[in-house]
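Student: Got a structure here, written out as structure tokens. Questions coming.
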Amino acid sequence: MADPAVIRIFDTTLRDGEQSPGATLTTGEKLQVAESLVRLNVDIIEAGFPAASPGDLAAVKEIARQAKGVAVAGLARAAISDIDACWEAVSEAENPVIHVFLATSDIHLKHKLNISPEEALQRIASTVSYARNLCPTVEFSAEDATRSDWDYLCRVFETAIKCGATTVNTPDTVGYTMPHEYEALFRYLRERVPGIEDVVMSAHCHNDLGMATANTMAAIRAGARQVEVTLNGLGERAGNTAMEEVVMALRTRPDYYGNVTTRINNQEFLAASQLVSRLTGIPVQPNKAVVGANAFAHEAGIYQDGLLKNRLTYEVMTPQSVGWSDTKLVLGKHSGRHGLDARLRQLGHRLDAEQLKTAYKRFITLADQKKHITDADLVYIVESGKETPAAI
Ligand code: KIV
Ligand code: ZN
């Protein structure tokens with residue numbers, strides 16, 4: 001049994017993330033992302049959906065061959081042909097994983113699959129058994145679990161576990177659940193599903209209502225020991241849970257999460273985030289937690305003043321811990337004299353009190369006209385001692 005104090009990071013940037021509109025990657029690009037996931041030290045790379053296309057199968061196969069020290073998973077619908085394609089793709093991995101899914105909510109069973117709940121149970125039994133005969137590690141996901149009947153979900157997981165599933169995943173496929181509800185669902189399953197104590201419980205959340213990270217963290221409190229995440233929160237529609245947010249939340253609040261940890265090298269986050277953004281062409285929003293350009297940037301004078309005295313005043317983690325070189329003190333009209341003085345010192349200008357007063361006056365005049373004050377503007381302000389440069 002896995003160490004209960006370690007949360008497994010199952011990265012699905014190359015599967016659910018790549019399903020994001022416009023995020024399609026070539027095999028070469030997928031390999032670059034896989035290398036960066038290995039540097040991050042994720043536990044499992046979900047490399048793709050082999051039955052989706054020959055290109056997907058080939059890419060998963062290549063990643064399975066090349067990625068060392070990590071498990072490689074492929075996704076498969078609960079169908080023999082999908083599982084065969086998946087096994088063909090992952091079988092050469094050091095630790096192959098077949099990830100089988102079937103929807104379990106009434107809405108999906110009736111309108112999408114057109115099968116009864118009993119038929120779904122039979123399909124789960126036959127396909128999970130088939131997958132387990134091929135592969136020692138099989139994950140079963142109950143798609144749309146959070147809109148499924150809870151007692152039926154217990155029967156679903158009981159069946160999957162009896163047929164050999166080693167991980168059971170409870171996806172919030174449409175980003176519908178709320179943190180307390182998701183936590184309660186995990187507790188409900190833990191208390192009622194026979195054999196669940198012998199398998200890994202996994203959380204997989206989508207961000208349609210902006211709850212993906214909060215829901216994933218709630219599941220950890222209720223016993224989830226695997227989380228399914230992507231870099232930059234990339235994924236279908238509003239995206240999946242962002243890996244960097246979950247990992248840094250666990251690192252920052254061990255007191256709240258019972259000291260559970262991950263194996264992630266968090267200093268690699270920025271490089272990995274920028275690689276994914278560059279290859280997919282999907283920019284990272286500036287205010288994105290952990291990896292956004294403004295995640296460690298401070299403009300307001302009161303914050304800058306506090307930070308210059310002690311960074312604990314306004315930062316809960318260091319920029320260096322996730323790959324940034326330092327905190328960015330952005331100078332704008334909200335900045336104060338301390339921030340200006342600190343930046344000028346970095347630029348080699350030590351002003352006395354009177355000089356600083358004059359420079360600050362000019363700086364505020366310029367900041368009122370210009371959105372971004374550059375270092376060149378600051379040097380000009382100090383050196384010219386005359387007028388400020390024209391607004392852009
Ligand atoms: O969101 C979802 O339900 C999925 C499954 C295939 C695991 O991505
Ligand atoms: Zn998903």
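The values are calculated or read from the model by the stated rules, or taken from the named source; none is laboratory data. Just so it is clear, the structure is predicted and the values come from calculations on it, not from any experiment. Here the Cβ positions follow ideal geometry from the backbone for every residue, glycine too, while neighbour counts run over all protein chains shown. The accessibility values were calculated without ligands, DNA or RNA, using every heavy atom of the protein model including side chains. Shrake-Rupley method; radii C 1.70, N 1.55, O 1.52, S 1.80 Å.
Student: Counting alpha carbon pairs within less than 8 Å and at least 6 residues apart, what relative contact order, in whole percent, applies to the chain?
Tutor: 14 percent
Student: State which entries of K288/K328; K61/K288; K288/K371 exceed 24 angstrom in Cα-Cα distance in the structure shown.
Tutor: Table pairs above 24 Å Cα-Cα are K61/K288.
Student: Report relative contact order for the stretch 300-384 in percent, whole number only (criteria: Cα-Cα under 8 Å, sequence separation at least 6).
Tutor: Across the stretch 300-384, relative contact order equals 28 percent.
Student: I'd like the Karplus ³J(HN,Hα) series for the stretch 242-256: coefficients 6.51, -1.76, 1.60, θ = phi - 60°, whole numbers in Hz, and an x wherever there's a Gly or Pro.
Tutor: Coupling constants for the stretch 242-256: 7, 4, 4, 6, 5, 4, 6, 5, 5, 5, 7, 10, x, 4, 8 Hz.
Student: Beyond 41 Å, what percent of the Cα pairs of the chain remain? Let's see the in-between values first.
Tutor: Working: 19298 of 76636 pairs.
So the portion of pairs separated by more than 41 Å is 25 percent.
Student: Starting at the first residue of the stretch 227-236, write each ³J(HN,Hα) from the Karplus equation 6.51 cos²θ - 1.76 cosθ + 1.60 with θ = phi - 60°, in whole Hz, x for Gly and Pro.
Tutor: 10, 9, 9, 9, 6, 6, x, 4, x, 2
Student: Between Q19, Q122, Q274, where does the largest GNM mean-square fluctuation fall for the chain, given springs only between Cα atoms within less than 10 Å?
Tutor: Result: Q122 has the largest fluctuation of those listed.
Student: Please work out the average accessible area per residue across the chain, using the 1.4 Å probe convention, and give it in Å².
Tutor: 44 Å²
Student: Follow-up question, since we're still on this one. When ranked by the protection proxy of mean other Cβ atoms within 10 Å per residue, highest first, what sequence do the peptides 238-250, 83-95, 163-175, 192-204 form?
Tutor: Peptide ranking by packing, descending: 238-250, 163-175, 83-95, 192-204.
Student: Checking the a/c ratio against 1.5 first, then a/b against b/c, what shape does the Cα gyration tensor give for the stretch 248-303?
Tutor: Oblate is the answer for the stretch 248-303, as a/c is 1.5 or above yet b/c matches or exceeds a/b.
Student: Let me ask something else about it. Hey, in the GNM for the chain with a 10 angstrom Cα cutoff, which one of R350, R123, R253 fluctuates hardest?
Tutor: The residue with the greatest mean-square fluctuation here is R350.
Student: Using a 1.4 Å probe on the protein heavy atoms only, what accessible surface does H372 show? Give it in Å² to the nearest 10.
Tutor: Approximately 130 Å² of H372 is accessible to the 1.4 Å probe.
Student: Going by amide H atoms built from the backbone, whose H comes under 5 Å of the H on V200, apart from near neighbours?
Tutor: Distant-sequence amide H within range of V200: T167, V168.
Student: Hey, another quick one. Quick one: Karplus J couplings for the stretch 310-325, per residue in order, coefficients 6.51, -1.76, 1.60, θ = phi - 60°, nearest Hz, x for Gly and Pro?
Tutor: With the stated coefficients, the stretch 310-325 comes to 6, 5, 5, 4, 9, 10, 8, 8, 8, x, 5, 5, 10, x, 7, 6 Hz.
Student: Right, here's the next one. Which trypsin sites (Lys or Arg not before Pro) in the stretch 30-104 pass both tests, a DSSP loop state and at most 10 other beta-carbon atoms within 10 Å?
Tutor: Details: sites: K30, R39, K61, R65, K68, R77; in loops: K68.
Counting only loop positions with at most 10 other Cβ atoms within 10 Å, the trypsin sites (Lys or Arg not before Pro) in the stretch 30-104 are K68.
Student: Which residue fluctuates the most in the chain, going by a Gaussian network model with Cα springs under 10 Å, if the choices are G339, G348, G210?
Tutor: Looking only at G339, G348, G210, the largest GNM fluctuation is found for G348.
Student: Sequence-distant or interchain residues sharing an amide H contact under 5 Å with Y257, placed H: which?
Tutor: The list, which skips near neighbours in sequence, is empty: none.
Student: Also: Tell me, what % of the accessible area of the chain is carbon and sulfur with a 1.4 angstrom probe? Please list the in-between numbers first.
Tutor: On the way: 8910 of 17420 Å².
The computed percentage sits at 51.
Student: What does the C-alpha gyration tensor say about the overall shape of the stretch 303-392? Classify as rounded when a/c is under 1.5, otherwise prolate if a/b is larger than b/c, or oblate.
Tutor: Since a/c reaches 1.5 and a/b is larger than b/c, the shape of the stretch 303-392 is classed as prolate.
Student: What is the distance in Å between the Cα centroid of the stretch 176-234 and that of the stretch 81-151?
Tutor: Distance between centres, Cα-based: 18 Å.
Student: Expressed as a rounded percentage, what relative contact order does the stretch 184-308 have, with Cα pairs under 8 Å and six or more residues apart?
Tutor: This gives 17 percent for the stretch 184-308.
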